[in-house]
Each structure stands twice: as C-alpha cells, then as structure tokens.
Amino acid sequence: MRAGETRSFRLGLVLAIVIPSLSCACNQRAIESWLTQSESTPEATLYSDATYGRAVAELKKRVPNPVEALSLLVYPDHLVLQARDPVAKNNVLQYVYRGGSVSEPIAVKLIGTGKLDDNLFPLDAAKLDALPKLVRDAQAKANIPEGNVVRVLLKRNLPESMDIQFRVFVTSQRRDAYLDADQQGNLFE
C-alpha cells in the first residue's frame, strides 16, 4: 500500500463451539467420530433431493422463525445451522441435524472483531432447495476424477462483500477445489 492510501475491511466472525459443562467427562474421540463424514450411499446422503428436503423441513420445525443465520454447513450425513438466539439477541445457537432429528441448541462462542449483525442473514433469503442441484453441478464443473463433495457452506461473503453465497468443497485423493455460487444456487463462472 502506498503512502496516503487507506483500506477498509469488514471482518467476519470466527466461531467456536462452546460445550456446556457436564457432570461427566466427554470422550473427545467419540465426539469427533460423530461429527466426521460417514460412508453412505448416494440415496442416503443429504445431497439427494428427498433426504435434503426432509432435513430442511425438520430443521425449520425446530428453529424459531424468523431465522437469522450466521451459517449453514451441509455434510453428506449431517447439517449444522448457526443462528441468532431469538431470546438473547447477542448470542448464537447451533443446531445439528443428523439421522432424522435435530439436536437441542448449543451456545456458540463468538470470536473476532466483526459485528454479529453484519454477519447474519435471513435464512429464507437463500434458495435452500437449490442445494442438491448445486452439489451435482459443482461436482461436474470441478472435473476432479473420483472427486466428491464433502461439504457446502452458506454464509455472507465477508470480508469481500455482504453477499450471501454458497461455497461447495470438492475433494479427492489427488486434488481439492471449491466453487462459489450466489444465494440462488447459481455457480459463478
């Protein structure tokens, strides 16, 4: 940067899960194995139209409306929604859908210099039902032999812009890639 020039950046929030205190010790390996991707058939994956539709419907039943989302992260076997707590507006809760049900909300610890309000977006502003087609399109466009979509992230595109975007992560043993799409599920060129 030259003398006299200034740059302004809008910083996003970095998140970490706060595990509520329990009277018993937690097995970290069990938690990690629960959250890792499982081997599943394409029909059972959340990237199929029917399975994903059921997951979103179940999530919408459990999360109070309107949903002010911080992020939606979709894996083949589970999805994670982080959204504003409707009671305590400065807090974020995390909901996990897995195996047909949604977990109880867990408090999320917010870390970073960004403002929560800048990072939130109305979940219904994104075309959620576009995700299964987006996954298929991204996998084809990535053109990675034996590549699989391992996760899809929906959030604001901070610090670059306030746009709500999908990011699809495709990986194989040889190479990884990600492709971005607008909030309607249209891949960018």
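The values are calculated or read from the model by the stated rules, or taken from the named source; none is laboratory data. Since the structure is predicted, the reported quantities are computational estimates derived from the model, not experimental observations. Virtual Cβ from ideal backbone geometry, glycine too; neighbours counted across all protein chains shown.
Structure above, values below:
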| quantity | calculated |
| --- | --- |
| Number of positions in region 122-162 that are touching an Asp or Glu at 6+ places or on another chain (Cβ under 6 Å) and closer than 23 Å to Ala55 by Cβ | 1 |
| Breaking point among (1) more than 14 Å from the chain's Cα centre (by Cα); (2) at pLDDT below 50; (3) of a type outside the set (Ser, Thr, Tyr); (4) surrounded by 12 or more Cβ atoms within 10 Å (Cβ to Cβ), for Leu15 | (1) |
| Residues located in region 130-157, provided they are within 14 Å of the chain's Cα centre (by Cα) and surrounded by fewer than 20 Cβ atoms within 10 Å (Cβ to Cβ) | Val150, Arg151, Leu153, Asn157 |
| Selection status of Val87, of a type in the set (A, V, I, L, M, F, W, C) and buried (at least 19 other Cβ atoms within 10 Å of the Cβ) | no |
| In region 92-126, residue farthest from the chain's Cα centre (by Cα) [restricted to those that are crowded, with 17+ Cβ neighbours inside 10 Å and not in a strand (DSSP E or B)] | Gly114 |
| Leading residue by the ranking (surrounded by the fewest Cβ atoms within 10 Å (Cβ to Cβ)) among those in region 57-84 that are closer than 25 Å to Phe169 by Cα and out of contact with any strand residue (DSSP E or B) (no Cβ under 8 Å at 6 or more places or on another chain) | Ala57 |
| Conditions (1) over 18 Å from Asp129 (Cβ atoms); (2) hydrophobic (A, V, I, L, M, F, W, C); (3) part of a strand (DSSP E or B): number failed by Leu81 | (1) |
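Residues checked against (1) under 15 Å from Leu123 (Cβ atoms); (2) without any contact (Cβ under 8 Å) to a residue 24 or more places away in the chain; (3) part of a loop (DSSP other than H, G, I, E, B):
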| residue | (1), (2), (3) |
| --- | --- |
| Pro145 | no, no, yes |
| Val149 | no, no, no |
| Leu153 | yes, no, no |
| Pro159 | no, no, yes |
| Met162 | no, no, yes |
| Asp180 | no, yes, no |
| Gly185 | yes, no, yes |
